[in-house]
Protein chains: 2
Amino acid sequence: MSRKSKEDISKIYQQMQDHICKEIELADGKGFFEEDIWQRPAGGGGRTRIFKNGNIIEKGGVAFSAVHGPTPDKILKKLKLDKADFFATGVSIVLHPKSPMVPIIHMNIRYFEMDNGVHWFGGGIDLTPHYVDQEDAKHFHLEVKKVCDQYDSSYYPKFKTWADDYFYLPHRDETRGIGGIFYDRLIAKDDEQFENILQFSLSLGRLFPEVYGHFMKKNSQLSFGENEKSWQSLRRGRYVEFNLVWDAGTKFGLDTNGRTESILMSMPPQAEWEYMHEPRVGSEEEYTQKHLKKGIDWLSLVK
Amino acid sequence: MSRKSKEDISKIYQQMQDHICKEIELADGKGFFEEDIWQRPAGGGGRTRIFKNGNIIEKGGVAFSAVHGPTPDKILKKLKLDKADFFATGVSIVLHPKSPMVPIIHMNIRYFEMDNGVHWFGGGIDLTPHYVDQEDAKHFHLEVKKVCDQYDSSYYPKFKTWADDYFYLPHRDETRGIGGIFYDRLIAKDDEQFENILQFSLSLGRLFPEVYGHFMKKNSQLSFGENEKSWQSLRRGRYVEFNLVWDAGTKFGLDTNGRTESILMSMPPQAEWEYMHEPRVGSEEEYTQKHLKKGIDWLSLVK
């Protein structure tokens, strides 16, 4: 079994973007993706697809990119490596729904290699409900675990903890949402494992529209009012705080002269900030706030 | 002439907070500051005053703090210094107006010292109009220059350039607003200069309500519509981007376990993001966008 080339992986990821966009359009029933093709001056480019005119989705995108060129000094320094060219390809998604009852979702699958032979996979999928619901959280984590378990039984526990640690706002002592999985620098020992990790990322890609489609359909039926919209705006504020202050990918992109509009595709349509906001005791908002914590075993919780 | 103690400076800065709050309440005519007194577990505390129920001001605050304790490792490492206790006191202000025709303003004056004798002053004042107006910009820079020139004729040109460089969003290649002045690590050679720099910071403090009161009064008379409100929301988004991604003070505060709600007092009440927004050719918004650049000599411009 021979290893797929970077061009093969890039092509497969591009097809995954097509698949996901088609499925999300179907699930929304009204909106569509508008395509924006861009070139990177230093090498490569991308195909950013922004969702427009949605019924359920208010803002978001599904971005594919395949970029290459001299490895940024920041990476070389971190890895203690000499000059080398790099190649990176991936699919990155953030969707912000209109309804506060539908969660925000994020997914990313990516492959990175350097011409000195160093290479790895990274990615993850995580859910940020404006209102934490235990049944929803359990469903999400169960579906993610099922995919993980098909490839390696150590993946889910390891990557679930990684997501808890990664999607965390130290300055608020809260997690961004209910987590999911996150993995980075996953290095294959041999060609077989390389294919296995690649297939794992593709299974995550296929899971994305399935599991999010489920929430789009089910949760967009739930009623809400001004109170829920206003809470959604504050939660969107926290999403902004995480992405701009702590997200390593966003920081890296903005630091290394990445394509700003594609990087900040993850921003919500709007967000609000209120000094010292405290949810009302006993409210659904307080319940959510209390459940934005690391280390919750969503699979074993029953309401 | 003997040098004022850190306790003296802290007291004077606290009085400056009182003065500024009183003047801003008068200029607004309706809103008032609500006080929030807090203690810092590691030493010291502050008095955060948040503006409520305003007529002209929508959100913002005037914060005083005087904190002390072991110097954070980040500072020690940066300055290549051994362990030492520090003391820091200052007044920090951000005001977001309701009307898009009134600019956002920021001011900060601060004093820092360590028990090994190292000490310095820092601060600045800068204006972020949602709509750049040359007359307003000239007025603002002229008033700031007048204060600077009373103390040192090198201050304005030096600190104006510093503000251009500091209040800059590399990922957008734009400045946050029309700048003003910014200075840091201003070290006095002797007691006389120490007093001089302290008085300079107090003159800036007194300038604040004067110059901003002028814009509150004049610009809140200007009419605006949906188009201007929507542009304001996008500009507020940029304000969030600067503060969360690039502002050294915010980063440092969040990194070193500062008081989150006081640090993020600077966030606008709301903000919006739109993928690839481009102002209409020939519009006032495009004019503003084109004038968010470093190195503009606002004093010499005539419409």
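Read the figures in this text as sums done on the coordinates, not as results from a lab. Quick caveat: nothing in here was measured; it's all calculated off a predicted structure. Note that we place each Cβ from the backbone using ideal geometry, even for glycine, and neighbour counts take in every protein chain shown.
Taking 8 Å as the Cα distance limit and 6 or more residues as the minimum spacing, I'd like the relative contact order of the range B:133-205 as a percentage.
On the way: 55 pairs, mean separation 21.9, N = 73.
Relative contact order, the range B:133-205: 30 percent.
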* Asked: For the protein assembly as shown, what class follows from the C-alpha gyration tensor (a ≥ b ≥ c being the square roots of its eigenvalues): rounded when a/c is under 1.5, otherwise prolate if a/b is larger than b/c, else oblate?
  -> prolate
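Please identify the DSSP H helices in chain A that span no less than 18 Å along the helix axis (Cα) and have a mean Kyte-Doolittle hydropathy of -1.0 or more.
Values: long enough: A:6-28 (33 Å, -0.89); A:134-151 (26 Å, -1.17); A:191-219 (42 Å, -0.41); A:226-241 (23 Å, -1.94).
Helices meeting the span and hydropathy rule in chain A are A:6-28, A:191-219.
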* Quick one: go through the range A:192-213 and flag any residue whose amide nitrogen is under 16 Å from the point 7 Å out along the Cα-to-Cβ line of A:Ser154. => A:193-194, A:196-197
* **Pairwise FRET efficiency - B:Met276 versus A:Asp18, Cβ, R0 = 30 Å, nearest 0.05** => 0.90
* Starting from a label point 7 Å past Cα on the Cβ side, list the distances from B:Asn53 to the same position in the other copies, nm, shortest first. => 4.7
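Ranked by Cβ crowding within 10 angstrom, fewest neighbours first, how are B:Ile12, A:Ile181 ordered? Could you put the intermediate results ahead of the total?
Details: B:Ile12 18, A:Ile181 25.
By the 10 Å Cβ count, ascending: B:Ile12, A:Ile181.
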* Asked: Between copies, how close do the A:Gln193 label points come, placed 7 Å along Cα→Cβ, listed in nm from shortest?
  -> 6.1
* Looking at the square roots a ≥ b ≥ c of the eigenvalues of the Cα gyration tensor of chain B, which shape do they give, rounded for a/c under 1.5, prolate if a/b is larger than b/c, or oblate? -> prolate
* Which whole number gives the average, over all residues in B:271-284, of C-beta atoms from other chains lying within 10 Å of the residue C-beta? -> 4
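Could you line up A:Ile263, B:Ile24 from fewest to most neighbouring Cβ atoms inside 10 Å? Don't skip to the answer; put the middle values down first.
On the way: A:Ile263 20, B:Ile24 26.
If I rank by nearby Cβ atoms, fewest first, I get A:Ile263, B:Ile24.
Evaluate peptide B:238-245: per residue, the Cβ atoms of other protein chains within 10 Å of its Cβ; return the mean as an integer.
On the way: counts 0, 0, 7, 6, 1, 2, 7, 8.
Averaged over the peptide's residues, the number is 4.
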* **Dipole axis of the range A:6-290 (+1 Lys, Arg; -1 Asp, Glu on Cβ), positive-most option in A:Leu26, A:Ile50, A:Thr260** => A:Thr260
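How would the range A:219-279 be classified by its alpha-carbon gyration tensor: rounded, prolate or oblate, with rounded meaning a/c under 1.5 and the a/b versus b/c comparison settling the rest? Show your work: numbers first, answer last.
On the way: a/c = 3.37, a/b = 1.91, b/c = 1.76.
Note, shape of the range A:219-279 comes out prolate.
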* **Relative contact order computed over chain B (Cα-Cα under 8 Å; 6+ residues apart), in percent** => 18
* Total charge dipole magnitude, chain A, about the Cα centre, Cβ charges on Lys, Arg, Asp, Glu only, Debye to nearest 20 -> 200
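Rounded to the nearest 500, what is the 222 nm mean residue ellipticity of chain A from helices alone, with -39500 (n - 2.57) per DSSP H run of 4+ residues and division by all residues? Don't skip to the end; give the middle numbers.
Numbers: 9 runs with 124 residues, N = 303.
Calculated mean residue ellipticity at 222 nm is -13000 deg cm²/dmol.
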* To do: Counting other beta carbons within 10 Å of each Cβ, put B:Arg238, B:Arg176 in order, fewest first.
  => B:Arg238, B:Arg176
* Asked: Between A:Asp190 and B:Glu143, how many nm apart are label points set 7 Å from Cα along the C-beta direction?
  -> 7.4
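Report the extension gain between B:Gln39 and B:Arg206 in nm, rounded to one decimal, defined as 0.36 nm multiplied by the number of residues separating them, less their alpha carbon distance.
On the way: separation 167, 0.36 × 167 = 60.12 nm, distance 2.70 nm.
So the chain would gain 57.4 nm between B:Gln39 and B:Arg206.
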* Asked: With springs only between Cα atoms under 10 Å, which of B:Ala63, B:Ala163, B:Ala188 fluctuates most in a Gaussian network model of chain B?
  -> B:Ala188
* **Estimated FRET transfer efficiency (B:His214, B:Glu286; beta-carbon r; R0 25 Å; 0.05)** => 0.40
* Asked: For the pair B:Val118 and B:Leu26, what calculated FRET efficiency results from E = 1/(1 + (r/R0)^6), where r is the Cβ-Cβ distance and R0 = 45 Å, to the nearest 0.05?
  -> 0.70
* **At 7 Å out from Cα toward Cβ: A:Ser230 inter-copy label distances (nm, ascending)** => 2.6
* **Contact order relative to length of the range A:3-158, as percent, for alpha carbon pairs under 8 angstrom and 6 or more apart** => 15
